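The values are calculated or read from the model by the stated rules, or taken from the named source; none is laboratory data. What you see is a predicted model, and the numbers here were worked out from it, not measured in a lab. All Cβ positions, glycine included, derive from the backbone under ideal geometry; neighbour counts span all protein chains shown.
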Amino acid sequence: MGRQGAQTETELRRLRERLYRRLAAVHAGPLGMALTGHPELAPAYAEAYARCPGHPELPCRAAGGVPAVCLPRQFEELAESARRGGERRRKSEAHRIRALLLCVDLLESTQPTSFAPVWELTREALREDLRRIGAADVVEAG
């Protein structure tokens, strides 16, 4: 979802902020499905994003969640963090990104298969960002 190799810290921050704002828009409502190139998924958005059982390794494991609320909020928070953060902040962001990868995997396994392209696009964007910030080593094996 973004270009490789930002030249400066400022460019890297802007690039990452735009990435997470786009991901927030993709997951924020039915119109976001058009951003993925799959506008036909818009009618099924409300049902597919209504509930999540919660991942066993995350705090939401007990109560689950509502992906229509949780995912956009997580991406908006990452966008703000990317805009303000430097190298130290990126280490904590890497932890959040890895947690989001767990969420995406869980959602893909529990939601309609028609949403697979959305989950794949999101997963690839997250993995690319982990590579961009130099934290991809732990994810590549999974």
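Within segment 46-59, restricting attention to residues that are out of contact with any strand residue (DSSP E or B) (no Cβ under 7 Å at 6 or more places or on another chain) and within 16 Å of Val104 (Cβ to Cβ), the residue that is surrounded by the most Cβ atoms within 10 Å (Cβ to Cβ) is Tyr49. One residue is enough: does segment 6-19 have a residue meeting the conditions small (Gly, Ala, Ser), closer than 30 Å to Glu87 by Cβ, out of contact with any His (no Cβ under 9 Å at 6 or more places or on another chain) and not in a loop (DSSP other than H, G, I, E, B)? For segment 6-19, residues small (Gly, Ala, Ser), closer than 30 Å to Glu87 by Cβ, out of contact with any His (no Cβ under 9 Å at 6 or more places or on another chain) and not in a loop (DSSP other than H, G, I, E, B): absent. For segment 80-117, the set of residues classified as more than 10 Å from the chain's Cα centre (by Cα), within 20 Å of Pro39 (Cα to Cα) and among the aliphatic types (A, V, I, L, M) consists of Leu107, Ala116, listed by residue number.
Checked against the criterion of being buried (at least 19 other Cβ atoms within 10 Å of the Cβ), under 22 Å from Ala135 (Cα atoms) and touching a Phe, Trp or Tyr at 6+ places or on another chain (Cβ under 9 Å), segment 88-98 contains not a single residue that satisfies it. Condition (residue is touching an Asp or Glu at 6+ places or on another chain (Cβ under 7 Å), farther than 19 Å from Leu19 by Cβ and either assigned to a helix (DSSP H, G or I) or at pLDDT below 90 (or both)) applied to segment 110-132: is it met by at least one residue? Looking through segment 110-132, at least one residue is touching an Asp or Glu at 6+ places or on another chain (Cβ under 7 Å), farther than 19 Å from Leu19 by Cβ and either assigned to a helix (DSSP H, G or I) or at pLDDT below 90 (or both).
Ala68 falls short on exactly one of the conditions (1) in contact with a Lys or Arg (Cβ under 9 Å, 6 or more places away or on another chain); (2) assigned to a helix (DSSP H, G or I); (3) in contact (Cβ under 8 Å) with a residue 24 or more places away in the chain, and that condition is (1). Surrounded by 13 or more Cβ atoms within 10 Å (Cβ to Cβ) and over 15 Å from Val118 (Cα atoms), is that true of Arg22? Criteria not met by Arg22. Taken over segment 20-52, the criterion of being under 22 Å from Arg84 (Cβ atoms) and either outside any helix (DSSP H, G or I) or β-branched (Val, Ile, Thr) (or both) is satisfied by Ala28 alone. Evaluating Asp129 against the criteria (1) surrounded by fewer than 18 Cβ atoms within 10 Å (Cβ to Cβ); (2) of a type in the set (D, E, K, R); (3) touching a residue at least 40 places away in the same chain (Cβ under 8 Å) leaves one unmet condition, (1).
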